[in-house]
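No value in this document is a laboratory result; all are computed from the given coordinates. What you see is a predicted model, and the numbers here were worked out from it, not measured in a lab. When we count neighbours, we look across all protein chains shown, and the Cβ atoms used for this are built from the backbone with ideal geometry, even at glycine.
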Amino acid sequence: MSGRPGPIINGLSVDVEDWFQVGAFEDVIERDQWGSLDDRVDHNVRAILDLFDEAGADATFFTLGWVAQRHGALLREIAVRGHEIASHGWDHQRVFRMTPQDFAADIDRTRKVLEDASGVAVKGYRAPSFSIDARTPWAFEVLEEQGYLYSSSVAPVAHDHYGWREAPRFAFKPLPDGKLLELPVTTAMFRGKRLAAGGGGFFRVLPYAFSRWAIRQVNRREQRPAVFYFHPWEIDPGQPRVAGAPLRSRLRHYTNLDRMSGKLEQLVREFRWGRMDAVAKREGLRLRLERAVGQ
């Protein structure tokens, strides 16, 4: 029997929100406008599902309740194809802008709609814009109280929109005596500094070689799974352009949209990918074994 570990399966995730729901445009597009705008999420998610099918990749779809309420058939299709349905909150409200009571109501409402639409239990959560940070540690307690098994809501880096740079880089228990596991989005190390390397705009804008280097570092040197994410609107170069948004937001949002599908196809074929709940199960076991050995 070989003592070598098996291949590492990384966590693949999609934050299901439409082009008009992103944090970059929240100051120029009001929520009461959403219903009148060009809804493109259904078409884009179905294209992603086909890409995953062709590559044999399983994933988790962290979905807004607002989207699920309007696209029940899409939620059922995601589940039928073997992917995980998880929560992204109701309408992309950042956690640090809510009270604990408002947050509890938000995730409870979202979970019920997701489960009704998909017909499957929801056990995972990702905060919009990775907005669980040093200001909102109480959010973990609320998630624990509502029976969530894992969260992937922390970006352990410094960033102008989000970040909790003091947080652990890999899976950790935010409540020592609780069941909840946090799976931070991936970072890589370079000369002692943490670099964001878990997808989104960084994957779309930077050369593919950077993501390959980062994931290999995490898999080979550190022997841990990467946690990768992206959005359906990132494969859609034909989406409407938002007038009045800040230049930095427009550059971040629209750069390399026409190249994203090709880069994704390369990524899902080059590395092994699985659902976030499966990653959480394996990483939870790892933490329990490490704790047992350390006692």
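If each DSSP helix of 4+ residues adds -39,500 (n - 2.57) and the sum is divided by the residues in the chain, what number results at 222 nm, nearest 500 deg cm²/dmol?
Here the helix-only value at 222 nm equals -11500 deg cm²/dmol.
Compute a Gaussian network model of the chain, connecting alpha carbons closer than 10 Å, and tell me which residue from Leu175, Leu74, Leu183 fluctuates the most.
Leu175
Have a look at His92, His43, His253 and tell me which one the Gaussian network model of the chain (Cα, springs below 10 Å) gives the largest fluctuation.
Its mean-square fluctuation being the largest, the pick is His43.
When Lys and Arg each count +1 and Asp and Glu each count -1, what net charge do the other residues less than 10 Å away from Ser153, Cβ to Cβ, add up to?
-1
Restricting to DSSP loop positions (anything but H, G, I, E, B) with no more than 16 other Cβ atoms inside 10 Å of their own Cβ, which GluC sites (Glu not before Pro) remain in segment 147-239? Intermediate values should be presented prior to the final figure.
Values: sites: Glu166, Glu182, Glu222, Glu234; in loops: Glu166, Glu222.
Passing sites in segment 147-239 are Glu166, Glu222.
Let me have the relative contact order for the chain, percent, based on Cα pairs under 8 Å that are six or more residues apart.
Details: 510 pairs, mean separation 70.9, N = 295.
Relative contact order of the chain: 24 percent.
Taking R0 as 51 Å, what's the FRET efficiency between Val80 and Asp27 from their Cβ-Cβ distance, rounded to 0.05? Kindly include the intermediate steps, with their values, before the conclusion.
On the way: r = 38 Å, r/R0 = 0.74.
Calculated value: 0.85.
For Gln69 and Ala121 in the same chain, what is the full-extension length gain: residue separation times 0.36 nm, less their Cα-Cα distance, in nm?
Contour length minus the Cα-Cα distance gives 17.1 nm.
So between Leu251 and Arg46, what do we pick up on full extension, going 0.36 nm a residue minus the alpha carbon distance?
71.2 nm
Taking the Cα centre of segment 51-138 as origin and charging only Cβ (+1 Lys, Arg; -1 Asp, Glu), how large is the dipole, in debye to the nearest 20?
Dipole size: approximately 280 debye.
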